[in-house]
Amino acid sequence: MDLDRAELRERLQEGFPIEPKALDGSRYLGVSLGLPALVDRLAWKTFEKVFSRDDSGLHGWNVRLKQRGFQVAEPMIRAGKPLTFGRFRVRDEGHRLMLDYSINPWWDPSRHLRDPLVALHEDSVEWLFGRSLIGSWATPSYFVLQRFGALEYVPAN
C-alpha cells in the first residue's frame with residue numbers, strides 16, 4: 001500500500017510466471033494501488049477478479065464490491081446476482097499472463113485494457129500482482145490480488 005510507482009513497477013518486473021490452469025475456478029480479492037486518492041474515491045479501491053475455464057480457454061470477469069474496507073468482500077447485487085463487469089480472456093505470454101479485455105462490446109471502454117499479471121511468490125498463486133495498460137500505454141493503476149475462495153457464480157454471456 002505504501003510503495004511508490006517505481007517500487008510498484010519493480011514488483012511487476014520481478015514477479016514470477018503463473019501456470020494458467022492454477023487460476024481456474026478461483027476468486028481473488030483485489031486492491032487498487034498507485035492511483036490518486038480522489039480516483040479511488042470516485043471509482044473503487046477493492047474488487048473481485050474471478051477465473052474460469054470453458055471450451056474457449058481460461059477467462060474471467062470482475063465483480064463490483066461494496067466499498068467496506070480490505071477485509072470485507074461483499075459483492076454489489078443487481079437483480080439478485082453479483083454485479084459483474086470487465087470480462088477478459090487470459091493469454092499466457094511465458095513470463096507473465098495477460099488479461100485481455102478486447103472481448104467486451106465495441107462500446108465498452110474496458111475493451112482497450114490489458115493487464116499483465118505475475119505471481120509475487122515463486123510457485124504460488126496465492127498473491128498476484130498486475131498493472132492496467134490501455135493499449136500499450138501504461139496507466140498509473142496497479143493492483144494486488146489475494147486468493148480468497150472458489151468460483152461461486154458464473155454470469156451469463
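For this structure, a couple of remarks:
- Contacts under 8 angstrom Cβ, first residue in region 74-92 being at positive phi and among the charged types (D, E, K, R), partner at pLDDT below 90 and surrounded by fewer than 20 Cβ atoms within 10 Å (Cβ to Cβ), 6 or more apart: none
- Residue in region 58-67 that is surrounded by the most Cβ atoms within 10 Å (Cβ to Cβ), counting only those that are touching a Leu at 6+ places or on another chain (Cβ under 8 Å) and at pLDDT 95 or above: Gly60
- Looking only at region 68-123, and only at residues there that are outside any strand (DSSP E or B) and in contact with an Asp or Glu (Cβ under 7 Å, 6 or more places away or on another chain), the one that is surrounded by the fewest Cβ atoms within 10 Å (Cβ to Cβ): Arg68
The values are calculated or read from the model by the stated rules, or taken from the named source; none is laboratory data. Keep in mind that this is a model prediction, so the values were computed, not measured. Cβ sites come from the backbone with ideal geometry, for glycine too, and all protein chains shown count toward neighbours.
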